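Novice: Below are the structure tokens for one structure; questions will follow.
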Amino acid sequence: MNHWSQALRAVDWTGWLGAAFVVLMLGSAVFAPFIAPFDPIEVRLEDRLAAPDAVHWLGTDQAGRDVFSRVIYGARASLTVGIGAVVIGALIGVSAGLFAAYKGGLGDQLVMRIIDGIAAIPLLVWAIAIVGILGVGPVQIGPVALPNEAKIVLLVGVLFSPVFGRVTYAVAQRVVRADFVKARLLQGARHRDIVLGDILPNCLSPIIVQATLLVAIGIVIEASVSFVGLGVQPPSPSWGTMLSDARSAIYSGEWWLPVFPGLAISLTVVGFNLLGDAVRDLFDPRSEARTLVA
Amino acid sequence: MSTVGTSPSATSSPLLAIEGLRVGFRAAGGGVIEAVRGVDFTVAPGEAVGIVGESGSGKSLSMLAVMRLLGSTAGITGGRITFDGRDLTALGEAEMRRLRGRDLAMVFQDPQSSLNPALTIGRQIADVVRAHRGVGQTEARRVAAEALERVGIRDAGRRLDAYPHEFSGGMRQRALIAMAIACRPRLLIADEPTTALDVTVQAQIVDLIADLRRDLGLAVVFISHNLQLVAEIVDRVVVMYGGKVVEDGPVETIERAARHPYTRLLRSCVPRLDGPVGPLATIEGTPPRLGRMPAGCPFEPRCPCREALCATEMPPLVAAEAHRLACWRPQ
Amino acid sequence: MSEPLLSLQGVSKSYPRGGFLDRMLARAKPFVALDNVSLDIHRGDVVGIVGESGSGKSTLASLAVGLIAPTAGQILLDGADLTELMRDHAGPWRRRVQMAFQDSSSALNPRKTVELCLAETLALRGVARAARRAEAHGLLALVGLGVELAPRLPHELSGGQRQRVGLARALAMQPDILFADEPVSALDVSLQAQVVNLLARLTRELGLTLVFISHDLALVRTLCSRLIVMRNGAIVEQGACRDVLDNPQHAYTRLLISAVPKGLAGRKDRPSSQNSLRGDVFEPPPTAVDHGVFTVQDLVERT
């Protein structure tokens, strides 16, 4: 479409850089078995703590496992939690925010107070506390056994939902008052069509920005939860567990152990943030107009 | 009110003289898009001048240039602005700041956004007074109360402690005018000061500006798109279109015997209470877009009297006594 | 004359004021936006409503088109109670009363092209998919816009063009009565004239019943046959437009007339000083919207 190709051309290099980082990390996660030169789990004590060289590009850890392969496989856990939690959080939060803003009155109050309640305690405290209480390992909910990772995704997703709820609510409240919404009501359009067709699209930019920021935070949460030993369980790699394992190496000089998983986290976080800015501009119908001050 | 139609050119030294003013925006590609393209006119001491034109004509922008309040996206790209013998374009920011609010004051369209909602009205006026007169708090407050009184706000001493939200739209605009005149400026620029207000309040504000002008000997530049409104208080009208002055003359000439087709159309598309009922005169089409100015007369594409020459060559602004006109086919 | 197309009988609208506790204890008096207004509008009427902010003219329009329900009184559309009709949010009655809005940038969804905006409206009127495009183009022509605007987004249009699209959208429903709420007050004078002429043409050619809400008496005079003057939520004067303007009975009407800019003529009858226009005697009271009591709950009125 014309608008899109025009808008895409307006995306600047930071946006493309962000997109490149994100694609790189997503690619690593999906194609890990083809990219990783070594098995990320196999212990080879004879190769332990090798500095980066031609064979082990990023060196090896205390168990002789290839750091490069572990970083590549680690992208899976990190991105699953980051993206999965954001999708779940957005589904819950955006629906709640739209509902509260559109319906108003008592429903509005109720939904927003629940959201305030969840948001009153910092994310990370919630995450660690709940994982701590539920314990490590799969949770049995009725007949369904929820694997540990899915549990974390779901948990972080629920914790993300107030953020989405508030952002959506704040914008939607303004959009709901717009005359074009009144016009749709006057036409007898169905409430569902008004909410999804007229209100939601005009709330998207801040939601998308929020989503990319939260993917980054989700990755950090996964790392933190794993870091304290409540997340991804050894020996499977995640950037958080790798950092956790690297604690001792900080003093003993094996710099490659903390640096590379840390770098992976940073690049991904920065990548999602840059991408978020670009996508926001892309979704703003006035973005081309803004390049020329009128 | 002073006599209608005093010729400004007769006055020896103007208070404000704008010569060949050009204002441009930085374009996305790195070029400059000019929105004001060579504007000349003068304002004599104590004179009231109306600037009339549609949005995009460059009327507000040229006055923002006088105040040197163009912001970061626009800038003066040419010409001179002389105020009281000093070239404003050559002044440093510090000197300009001293001048602004003391000798030159401006009121804007939206009284809501021009006031700080977190400070009392009195504090905001007193701050201006202290900044320019170097007086103490008590004296500044006294001057502020006097200014509020002067703009017709009753019980001014008590209202000093009110916050902007406690004022109605009309009172906010009065408060802004009070802030503008508190330091006894010599020139007041009013940029569509009544557009956001109700009609009765509009009438009050227009009255107020006329009063202040008479009592304080202020020169006034009144920007508006409504010729009828402007004609009630100014001596002279400058009509702008496409970043240029197309006609300029005593208010009586502009109202009764305008010669530019644009001025005549602008006048006749506003209905009057005593005019005929029925379809209004219209100006077909839309004003030229920034960066897409026609090579010739900017009004040519919409002009009912255009001829071949109009499209290719900009007519010069020719003066005849107190009247100036830029048109190849004057009416 | 036959039965009125739209009839307001003793209609009031008030909004609760103050917080939850205030309301429970009935400590705060409700804000009365419209107070016991009665009014008949007949087929083919062109009615002008003038008044300043807070006069209740926009509340009246919102009530009459069924966006909000009255607190007291009855509104009859062709004899049927509008409050009853509103129970069916998407009922066929919706089509019959439409509205054009003041702020053209808020009136159109910034993400929908002109064509989509008109097509979805036509769909709701029940126009077959295949016929929508042609009819949308016909509507654009009706309001004096070219087909080349169809694929554009609202920000790619000028204010006057957006206002016309808003008008075309209202007309797409083939309404019996159109409320135009200050449709030109945000436009430049030359565009104002274009839109007013267009409205005049539509009333002539389509036999549209029009309620034109404005604060500009001179505009109302060129367009309307009937005039209603409102102040503080009540009608203070009404009658044939010419009669009211030539021979105003109410002091407020006279005040409004005296406030109309009159060009050179205005210089004489505006003796500089302290006349009745002065001071804040006539400062309008704060509106419901200012108080934040007019919210979306009222618009989405639990149906």
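The values are calculated or read from the model by the stated rules, or taken from the named source; none is laboratory data. Values in this document were obtained by computation on a predicted structure and should not be read as measured data. For neighbour counting, all protein chains shown are included, and Cβ atoms are generated from backbone atoms with ideal geometry for every residue, glycine included.
Novice: Going by what's in this entry, would A:Val225 be described as in a loop (DSSP other than H, G, I, E, B), crowded, with 24+ Cβ neighbours inside 10 Å, out of contact with any Phe, Trp or Tyr (no Cβ under 7 Å at 6 or more places or on another chain) and hydrophobic (A, V, I, L, M, F, W, C)?
Specialist: No: the conditions fail for A:Val225.
Novice: With respect to B:Leu176, determine if the residue is of a type outside the set (Lys, Arg) and either on the phi > 0 side of the Ramachandran plot or surrounded by fewer than 24 Cβ atoms within 10 Å (Cβ to Cβ) (or both).
Specialist: Judged against the criteria, B:Leu176 is not a match.
Novice: Limited to the stretch B:257-267, what total is found for residues that are in a helix (DSSP H, G or I), touching a Cys at 6+ places or on another chain (Cβ under 9 Å) and not hydrophobic (A, V, I, L, M, F, W, C)?
Specialist: 2
Novice: Moving to a separate point now. Evaluate the stretch B:113-127: report whether one residue or more is at positive phi and either of a type in the set (A, V, I, L, M) or touching a Leu at 6+ places or on another chain (Cβ under 7 Å) (or both).
Specialist: no
Novice: Where residues in the stretch B:50-78 are among the β-branched types (Val, Ile, Thr) and within 13 Å of the chain's Cα centre (by Cα), which of them is nearest to the other protein chains (Cβ to nearest Cβ)?
Specialist: Here the answer is B:Val52.
Novice: Right, here's the next one. Determine if the stretch C:50-60 includes at least one residue that is surrounded by 24 or more Cβ atoms within 10 Å (Cβ to Cβ), among the polar types (S, T, N, Q), modelled with pLDDT of 90 or more and under 17 Å from A:Gln187 (Cα atoms).
Specialist: No - not one qualifying residue is present in the stretch C:50-60.
Novice: On the basis of being surrounded by fewer than 18 Cβ atoms within 10 Å (Cβ to Cβ) and facing chain A (nearest Cβ under 7 Å), does C:Gly126 make the cut?
Specialist: So C:Gly126 does not fit the description; no.
Novice: Go through the stretch A:65-120 and count every residue that is modelled with pLDDT of 90 or more and among the basic types (Lys, Arg).
Specialist: 1
Novice: Please tell me if C:His42 is surrounded by fewer than 21 Cβ atoms within 10 Å (Cβ to Cβ) and either more than 16 Å from C:Gln9 (Cβ to Cβ) or free of Cβ contacts under 8 Å to residues at least 24 places away in the same chain (or both).
Specialist: no
Novice: Looking only at the stretch A:226-245, count every residue that is at pLDDT 80 or above and either over 24 Å from A:Asp39 (Cα atoms) or of a type in the set (A, V, I, L, M, F, W, C) (or both) and tell me the total.
Specialist: Of the residues in the stretch A:226-245, 3 are at pLDDT 80 or above and either over 24 Å from A:Asp39 (Cα atoms) or of a type in the set (A, V, I, L, M, F, W, C) (or both).
Novice: Look through the stretch C:209-241, keep the residues that are without any contact (Cβ under 8 Å) to a residue 40 or more places away in the chain and β-branched (Val, Ile, Thr), and return whichever of them is farthest from C:Gly48 (Cα to Cα).
Specialist: Out of the qualifying residues, it is C:Val236.
Novice: Answer yes or no as to whether C:Leu85 is within 22 Å of the chain's Cα centre (by Cα) and of a type outside the set (D, E, K, R).
Specialist: yes
Novice: Continuing with the same structure: Residues of the stretch B:292-308 being closer than 12 Å to B:Gly242 by Cα, surrounded by 15 or more Cβ atoms within 10 Å (Cβ to Cβ) and of a type in the set (A, V, I, L, M, F, W, C), which ones?
Specialist: Correct list: B:Met293, B:Cys297, B:Phe299.
Novice: Okay, moving on. Which of the helices (runs of 4 or more DSSP H) contained wholly in the stretch A:24-122 include at least 3 residues that are closer than 30 Å to A:Leu159 by Cα?
Specialist: Output list reads A:67-103, A:105-119.
Novice: Also, I was wondering about something else. Output yes when any residue across the stretch B:248-269 is touching a Gly at 6+ places or on another chain (Cβ under 7 Å), more than 9 Å from chain C (Cβ to nearest Cβ) and over 23 Å from B:Arg306 (Cα atoms), and no when none is.
Specialist: Yes, because at least one residue in the stretch B:248-269 is touching a Gly at 6+ places or on another chain (Cβ under 7 Å), more than 9 Å from chain C (Cβ to nearest Cβ) and over 23 Å from B:Arg306 (Cα atoms).
Novice: Could you tell me which of the residues C:Glu120, C:Glu148, C:Glu84, C:Glu115 is closer than 26 Å to C:Ser190 by Cβ and either part of a loop (DSSP other than H, G, I, E, B) or out of contact with any Leu (no Cβ under 6 Å at 6 or more places or on another chain) (or both)?
Specialist: Within the list C:Glu120, C:Glu148, C:Glu84, C:Glu115, the selection yields C:Glu148.
Novice: Among the residues of the stretch C:187-209, count how many are within 24 Å of A:Gln187 (Cα to Cα) and either facing chain B (nearest Cβ under 9 Å) or outside any helix (DSSP H, G or I) (or both).
Specialist: 6
Novice: Of the residues C:Asp103, C:Asp88, only one is of a type in the set (Asp, Glu), within 11 Å of another protein chain (Cβ to nearest Cβ) and more than 22 Å from C:Arg164 (Cα to Cα); which?
Specialist: C:Asp88
Novice: Right, here's the next one. If B:Met67 satisfies every condition in (1) within 22 Å of B:Asp84 (Cβ to Cβ); (2) in contact with a Ser or Thr (Cβ under 8 Å, 6 or more places away or on another chain); (3) of a type in the set (A, V, I, L, M) but one, which is the exception?
Specialist: Result: B:Met67 passes all but (2).
Novice: Right, next: Evaluate the stretch B:45-52: report whether one residue or more is without any contact (Cβ under 8 Å) to a residue 12 or more places away in the chain and at positive phi.
Specialist: No, the stretch B:45-52 contains no residue that is without any contact (Cβ under 8 Å) to a residue 12 or more places away in the chain and at positive phi.
Novice: Being within 11 Å of chain C (Cβ to nearest Cβ), hydroxyl-bearing (Ser, Thr, Tyr), touching an Asp or Glu at 6+ places or on another chain (Cβ under 7 Å) and closer than 30 Å to B:Glu300 by Cβ is the requirement here; does B:Ser224 meet it?
Specialist: Here the answer is yes, as B:Ser224 does meet what is asked.
Novice: Still on this structure, I have one more. Please go through the stretch A:169-193 and pick out each residue that is more than 7 Å from chain C (Cβ to nearest Cβ) and under 25 Å from A:Ile114 (Cα atoms).
Specialist: Matches in the stretch A:169-193: A:Tyr169, A:Ala170, A:Val171, A:Ala172, A:Gln173, A:Arg174, A:Val175, A:His191, A:Arg192.
Novice: In the stretch B:117-150, which residue that is in a helix (DSSP H, G or I) and of a type in the set (Gly, Ala, Ser) is nearest to the chain's Cα centre (by Cα)?
Specialist: Filtering first and then ranking leaves B:Ala147.
Novice: Report, by residue number, each residue of the stretch C:214-253 that is basic (Lys, Arg), at the interface with chain B (Cβ under 10 Å from one of its Cβ atoms) and under 24 Å from C:Ala186 (Cα atoms).
Specialist: C:Arg221
Novice: Filter the stretch C:165-195 down to residues that are charged (D, E, K, R) and in contact with a helix residue (DSSP H, G or I) (Cβ under 7 Å, 6 or more places away or on another chain) and give me whichever is farthest from C:Ala134 (Cα to Cα).
Specialist: Checking each candidate, the answer is C:Asp181.
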